[in-house]
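Since every read-out is calculated from the coordinates, none of them should be taken as a lab result. Only a predicted model underlies this, so the values are computations on that prediction, with no experimental measurement involved. Every residue, glycine among them, receives a Cβ derived from its backbone with ideal geometry; neighbour counts consider all protein chains shown.
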Amino acid sequence: MSATGSVLLSIDSGTVAAALGKLGITAIIVEGLAPQGKLFNLIIDQNGNAALQAADDFKGMRTYALVERLLQDHGEKNGVLCIGSAGEYQLSSASIQSSDVDGRPCRAAGRGGLGAVMGAKGIKAIVISRHGKSPDAIADPESFKESARVFAKAVKDHPFSGQMLGALGTAGLVSAVNSIGAFPSYNATKGVFEGWEKISGEALAETIQKRGGQTTHMGCSQCIIRCSNVFVDEGGKYVTASLEYETIWSMGGMPGIDDLDVIARLDFLSDDIGLDTMNTGVAMDAGYKEFGDGQAAIELMEEIAKGTEIGKVLGNGPAAVGKHFNNHRVPVVKGQSIAAYDPRGMQGNGVTYATSPMGADHTAGNLVGAYLGGILNPLEAEGQVKASRKAQIFMASLDCTGLCLLAGAALAAPDVSEALLKMINAKLGTQLSADDIPALGIRVLKAELEFNRNAGFTNKDDRLAKFFYEEPLPPHNKVFAVTDEDLDNTLDFK
């Protein structure tokens with residue numbers, strides 16, 4: 001269960017997954033609670049043995065200092081999952097941070113407040129050896145290698161995963177989504193950000209190159225896409241890695257900030273404090289601070305780190321902020337913020353936000369590719385439910401493989417889908433058919449929906465915030481037009 005009460009899948013990256021794979025460990029299950037006020041680190045050695053170590057001395061430590069200390073104590077060849085002060089405060093926006101290949105805690109499982117769950121368990125960090133030599137066996141190694149080569153080549157050759165992401169990272173979407181008027185800005189009151197050119201992927205790449213940073217960077221173990229980047233200041237000093245599209249939106253477009261240096265600093269602070277970067281904007285809209293005030297945004301982040309009264313309100317996400325300031329414009333579903341695609345400018349993404357068991361989620365069934373490719377009209381209700389349903393089933397099945405969703409773009413080609421199916425069968429020794437894959441996605445979604453029903457959620461929770469239905473979004477001046485009946489049918493698999 002997430003901090004917002006629903007079922008949750010929040011995908012992290014970095015080095016930990018590969019480290020667990022080398023140890024033959026499929027999952028880490030933490031049961032029970034630590035004694036009140038106590039913190040522990042969970043250490044998993046190269047033989048897969050687990051041990052709890054007292055971590056009271058690490059209380060209040062931010063993630064960058066924490067990971068540096070842990071890698072000094074246990075060795076650089078370890079992966080680390082950890083929480084910052086936000087997780088210790090058990091704030092609803094608290095993330096779990098993961099170390100990348102350079103030992104920086106800059107990769108995040110940000111959605112749903114998993115850092116609060118880890119904090120409630122009394123776990124400050126999980127340290128996992130990367131020296132493991134006991135991975136699960138592959139049933140047919142030769143078939144697996146052959147199919148993996150086909151799949152990897154397709155990913156590298158694809159215009160999105162192999163070209164755009166390598167050059168601009170996910171930030172390449174800033175110009176694209178602004179171009180169709182669906183970039184929710186100034187707390188979702190406009191679909192085009194007036195300063196988008198200053199924070200675009202092109203501007204980001206130019207800035208990084210000029211300063212001597214890295215526009216292409218392998219943040220995750222064994223990644224072939226390398227969409228990460230390393231942003232440095234004017235003196236060439238490290239600021240953050242990686243500056244992603246969603247963060248550029250949430251720290252830029254939503255609070256009205258068009259300065260990449262400020263956005264990069266906010267991204268670093270989010271990682272260091274252990275916060276989902278996507279829960280911002282409402283405080284500016286409520287008049288607490290002015291849109292575009294970058295220094296105020298930095299100061300607010302520090303309030304969260306210190307655990308002040310206003311800091312805890314902010315750290316509990318936009319639903320808490322909206323309630324505190326009595327602001328009606330709160331872009332959340334099931335307590336979770338929308339992502340960088342306005343549902344009035346991308347109607348199908350609105351369907352996904354509303355009906356995803358995890359709450360508003362851009363990874364559960366994002367239709368941006370269909371809109372940019374001219375396959376589906378983003379402004380009309382027709383066809384959106386069918387497209388969202390198909391995308392949600394696809395993503396639920398893809399998530400079962402552990403593959404990054406960015407690599408999933410190549411699966412549109414039948415021969416690439418066939419290669420992935422062969423990889424799965426070769427790995428597991430199964431005889432799955434092409435029909436079994438979407439069936440797996442439906443099975444996952446049914447299980448998630450059942451969890452939510454048992455947790456008290458109903459179809460009344462599968463709705464967008466009221467203002468999306470009532471306030472037209474410039475420049476197209478559209479409202480969300482998909483009916484409640486159609487939303488209720490989206491994931492009705494009976």
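Hey, which of these cross-link pairs are over 18 Å Cα-Cα: LYS59/LYS121; LYS390/LYS478; LYS145/LYS427; LYS38/LYS77?
The answer is LYS390/LYS478; LYS38/LYS77.
Return the aspartates and glutamates within reach of LYS190: Cα separation strictly under 13 angstrom, same-chain partners fewer than 8 residues apart disregarded; answer none if there are no such residues.
ASP285, ASP342, GLU471
Report the convex hull volume per residue for the range 142-217, counting only C-alpha atoms, in Å³.
121 Å³
Treat the range 16-129 as a sphere of radius equal to its Kirkwood radius over Cα pairs and apply Stokes-Einstein at 25 °C in a medium of 0.890 mPa s; give the translational diffusion coefficient in µm²/s, rounded to a whole number.
Approximately 178 µm²/s, per Stokes-Einstein.
Can you match Rg/Rh (Cα atoms, Kirkwood Rh) to one of these, (i) 0.94; (ii) 1.03; (iii) 1.09, based on a calculation from the structure here?
(i)
Only helices at least 20 Å long along their own axis, judged from Cα atoms, and with Kyte-Doolittle mean hydropathy of -1.0 or greater: name those in the chain from DSSP H.
Membrane-span-like by this rule: 141-157, 384-401, 414-428, 436-454.
From the P(r) of the range 172-254, can you give the percent of Cα pairs sitting at distances over 17 Å?
48 percent
Using the per-residue mean of other Cβ atoms lying within 10 Å as a proxy for protection, in what order, highest first, do the peptides 461-469, 266-274 fall?
266-274, 461-469
Can you list which of the GluC sites (Glu not before Pro) found in the range 72-147 are DSSP loop residues with at most 13 other C-beta atoms within 10 Å?
Hits after loop and neighbour filter: GLU76.
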